[in-house]
1. Residue check: is residue 132 part of a loop (DSSP other than H, G, I, E, B) and within 22 Å of residue 169 (Cβ to Cβ)?
2. For the range 45-73, enumerate the residues that are touching a residue at least 60 places away in the same chain (Cβ under 8 Å) and out of contact with any Asp or Glu (no Cβ under 6 Å at 6 or more places or on another chain).
3. Report, by residue number, each residue of the range 136-173 that is small (Gly, Ala, Ser), under 17 Å from the mean Cα position of the chain (by Cα) and over 20 Å from residue 14 (Cα atoms).
4. Exactly one of these conditions fails for residue 151: (1) surrounded by fewer than 21 Cβ atoms within 10 Å (Cβ to Cβ); (2) assigned to a helix (DSSP H, G or I); (3) β-branched (Val, Ile, Thr). Give me its number.
5. Where in the range 1-106 are there strands (runs of 3 or more DSSP E), lying fully within it, with 2 or more residues that are under 25 Å from residue 141 (Cβ atoms), modelled with pLDDT under 95 and out of contact with any strand residue (DSSP E or B) (no Cβ under 6 Å at 6 or more places or on another chain)?
6. Can residue 42 be described as in contact (Cβ under 8 Å) with a residue 24 or more places away in the chain, crowded, with 16+ Cβ neighbours inside 10 Å and out of contact with any Gly (no Cβ under 7 Å at 6 or more places or on another chain)?
7. Please state which of the following conditions residue 122 fails to meet, knowing it meets all the rest: (1) under 15 Å from residue 45 (Cα atoms); (2) modelled with pLDDT under 90.
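The values are calculated or read from the model by the stated rules, or taken from the named source; none is laboratory data. From a predicted model like this one, the values you see are computed outputs, not experimental measurements. FYI the Cβ positions are ideal-geometry reconstructions off the backbone, even for glycines, and counts take in every protein chain you see.
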Amino acid sequence: MSYRPICDVWILARSKVKFYGAYPAGFLHRARALLGVSNNDPVLHACAGKIKDYPYRGFGPNDRTLDLDPATHPDFCQDARDPWPCPSEWAAVLADPPYTEADAEQYACGSSVLPSANEILRRAFEAVCDGGRVGLLHYVWPQPPKGVKEVAVVAVGTGRNNRARWYTVWERE
């Protein structure tokens, strides 16, 4: 499957995972393709929620999760604003933090620990290997740190009467 960078719109089905903020159906394998990694490359899923319950392809055998809510059974249970585990060992990072304070209130941890999109992007680039990519699903189109180039920007929607999001992909130069 191939995509044109910085010019796609994905209209996907609503999530099949019963968890607030779960990925739309069909998102994960498309997102992974834009990260430029194989199914076996290690990807860190930050603010991952119930991604391990996602019923479609896209979660690899060497992928790991980082989330603050222990009920989601993350591999790394921690605040996404703190330094992430195993710096420079991940082929890619895919992050899906709560988008707003109102969204964050839907989760067990609440809005007091809401990281900004820019904060997530900075932490993610500390965690990826040289040449690694970071994907972020968010309402905000973030400002990347220095030494990073934009690879793709995709509008992601789930149909009428739903809010659309940006899936942005960045690469360390």
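1. Working: part of a loop (DSSP other than H, G, I, E, B): no; within 22 Å of residue 169 (Cβ to Cβ): yes.
Spelling it out, it is not the case that residue 132 is part of a loop (DSSP other than H, G, I, E, B) and within 22 Å of residue 169 (Cβ to Cβ).
2. Of everything in the range 45-73, just one residue is touching a residue at least 60 places away in the same chain (Cβ under 8 Å) and out of contact with any Asp or Glu (no Cβ under 6 Å at 6 or more places or on another chain), namely 46.
3. Hit for the range 136-173 is 152, nothing else.
4. With (1) surrounded by fewer than 21 Cβ atoms within 10 Å (Cβ to Cβ); (2) assigned to a helix (DSSP H, G or I); (3) β-branched (Val, Ile, Thr) applied to residue 151, the lone miss is (2).
5. So the answer is none; nothing clears 2.
6. yes
7. Condition not satisfied by residue 122: (2).
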